[in-house]
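See structure below.
The values are calculated or read from the model by the stated rules, or taken from the named source; none is laboratory data. What you see is a predicted model; the values in this text were computed from it and never measured. Every residue, glycine as well, gets a Cβ built from its backbone with ideal geometry; the counts of neighbours run over all protein chains shown. For the accessible areas, the whole protein counts, side chains as well, though only heavy atoms, and no ligand, DNA or RNA atoms are used. Shrake-Rupley method; radii C 1.70, N 1.55, O 1.52, S 1.80 Å.
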Amino acid sequence: MSAAAERLVRTLRRHVFDDRVLAAVAAVPRDRFVPADLQAEAWENVPLPIGSGQTISQPLVVARMCELLELTGAETVLDVGTGSGYHAALLARLARHVYSIEVHESLSRQAAVNLHAAGVANVTLVVGDGSRGLPEHAPYPAINVAAAAGGAIPPALAAQLAPGGRLVAPVENGEQRLVVARRTEAGVQLTELERVRFVPLVSSRG
């Protein structure tokens with residue numbers, strides 16, 4: 001582990017307690033997922049711009065969302081909002097396979113380059129409207145949404161949750177908060193957690 005990665009993991013350990021998640025943060029080279037002119041800041045616990053009005057999220061928030069998905073390594077995960085591919089790369093170390101969907105084709109293309117450079121092979125990239133999910137591969141034991149939904153989790157995403165499945169998303173209701181949705185026999189149960197700040201979930205429908 002590099003000194004920079006070790007420093008970041010030490011910072012995250014105060015808030016993230018899943019050792020598998022922390023090991024993934026240490027193992028995934030975040031510098032492969034940021035623009036060349038921001039390399040010096042790659043291992044800092046801050047969000048960074050990646051183009052198209054999008055950001056690579058703060059490592060703490062990414063790690064926290066991964067922890068809330070409670071992954072065991074056997075899951076197929078839907079990742080909404082590929083961005084740089086960093087979140088998908090962490091999920092790929094924690095699950096069997098990741099389908100990651102991004103509305104901006106240019107970002108998806110760059111994410112493919114980034115994932116290849118980082119040696120990540122178990123991520124399938126798709127260009128499309130993340131608010132609709134990927135029903136052809138549903139249901140999913142875990143869904144990660146890396147952009148803020150307005151008002152509520154998109155119904156199409158909740159519908160693609162497997163029984164017992166977990167979905168983690170930022171939801172904007174006056175303020176943004178992380179929300180965990182869990183499919184139970186009684187329906188989808190929601191739990192609101194800490195405040196966060198994400199770019200809006202972009203729909204191809206406008």
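Here are a few things to note about the model shown:
- Selection from 201, 113, 139, by position along the positive dipole direction of the chain (Cβ): 139
- Each Lys and Arg adds +1 at its Cβ and each Asp and Glu adds -1 at its Cβ; summed about the Cα centre, the range 1-154 shows a dipole of about 280 debye.
- Fraction of alpha-carbon pairs over 21 Å apart in the range 127-206 - percent: 23 percent
- Rg and Dmax of the chain, Cα atoms only, in Å: 15.5, 50
- In loop segments of the range 46-114 as defined by DSSP, there are no GluC sites (Glu not before Pro) with at most 11 further C-beta atoms inside 10 Å of their C-beta.
- Projected label distance in nm at residue 97 and residue 2, using a 7 Å step from Cα toward the beta-carbon: 3.1 nm
- Site pair residue 74 and residue 17 shows an inter-label distance of 2.4 nm when each label is modelled 7 Å from Cα along Cα→Cβ.
- Accessible surface of the range 72-180, 1.4 Å probe: 53 percent of it comes from carbon and sulfur atoms.
- Expressed per residue, the C-alpha convex hull volume of the range 77-117 stands at 54 Å³.
- Shape call, the range 5-89: gyration tensor on alpha carbons, a/c limit 1.5: oblate
- Inter-label distance, residue 122 to residue 182: 2.4 nm, where each label sits 7 Å from its Cα along the C-beta direction.
- Within the range 106-206, the trypsin sites (Lys or Arg not before Pro) that combine a DSSP coil assignment with at most 12 other C-beta atoms in a 10 angstrom radius are 205.
- The chymotrypsin sites (Phe, Trp or Tyr not before Pro) of the range 2-83 that DSSP puts in a loop, and whose beta carbon has at most 13 other beta carbons within 10 Å, are 17.
- Rounded to 5, the percent of DSSP beta bridges in the range 1-160 classed as antiparallel: 20 percent
- For the range 47-132, average projected area of the Cα convex hull in nm²: 5.2 nm²
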